[in-house]
Amino acid sequence: MNKPKLFILSAASGTGKTSLANALVESLPDLEFSVSHTTRAPRPGERHGVHYYFVNRKEFEEMVAAGRFLEHAQVFGNHYGTSRAAIENLLRRGKSVILDIDWQGARAVKALMPEAVSVFILPPTRAALEERLIRRGQDSAEVVARRMREAVAEMRHYTEFDYVVVNDDFAATMKDLTAIIRGRGDEVRPPNLDVAALLRE
């Protein structure tokens, strides 16, 4: 990478964007992962300051009022936000930054920083997405059904992004994302999936 850039990675829950973002940071030394603030409770194995900055609602609202977030949004009843100062400091230090945020956050960041490169990750099929959500073993059948409904609504925003990548194979998806980050977006595989079936209610 030459000039430091801000990259936005978005996807519906269960599509694998966090695993992809972590793998990209591990494989690309000039890329840093942005750690978001959230009001949701930590999941098993998550650590404060590593996976998220876990804060209560009052702390979050005070940060919003102080203008300390580059973007913030409410997702599944919890609040998430990206520290403006943290992003700007990383870019000044010559590091490119990847944001793992939802489409609402991506829209807000692009409005403030239109030079940011945005990527939306789609699952190959609805069945594959549902299987991934079930396989995580974190949610009840009712919650999985709700997440699937929310996923359809989220995926409809894929047209707002600079690039669309289908996570049908982890290695191939990593190759596509690495090409985008290296400035070789013309090498990205064209999406090969039935979008209508994916977005059907």
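All of the numbers you see were taken from the coordinates with simple rules; none came from a lab. The model shown is predicted, which means the values in this text are computed figures rather than measured ones. As a convention, Cβ positions derive from the backbone with ideal geometry for all residues, glycine included, and neighbour counts pool all protein chains shown.
Numerical summary
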quantity	calculated
Share of Cα-Cα pairs in the stretch 63-194 lying beyond 24 Å, as whole percent	39 percent
Phi-based couplings in Hz for the stretch 43-53 (Karplus 6.51, -1.76, 1.60; Gly and Pro marked x)	7, x, x, 7, 10, 4, x, 10, 8, 8, 9
Antiparallel content of DSSP bridges confined to the chain, in %, to 5	30 percent
Dimensionless Rg/Rh of the stretch 33-88 - Kirkwood Rh, Rg from C-alpha atoms	0.94
Length added when fully stretched, R57-V144, from 0.36 nm per residue minus Cα-Cα	28.8 nm
Selected from H48, H79, H37 as most flexible by GNM, with the chain as the system and alpha-carbon contacts under 10 Å	H48
Shape call, the stretch 3-144: gyration tensor on alpha carbons, a/c limit 1.5	oblate
Contact order normalised by residue count of the chain, Cα under 8 Å, 6+ apart, percent	28 percent
Cα gyration tensor category, rounded, prolate or oblate, for the stretch 131-183 with a/c compared to 1.5	oblate
Most mobile of R182, R43, R107 in a GNM of the chain (Cα contacts under 10 Å)	R43
Taking the stretch 97-201 and dividing mean pair separation by its residue count, relative contact order in percent (alpha carbons under 8 Å, at least six apart)	32 percent
For K5, distant residues with modelled amide H under 5 Å away	S96, V97
Simple Cβ-charge dipole of the chain, Lys/Arg +1 and Asp/Glu -1, about Cα centre, in debye nearest 20	320 debye
V25 paired with A65, simple spin-label distance in nm, labels 7 Å along Cα-to-beta-carbon	3.0 nm
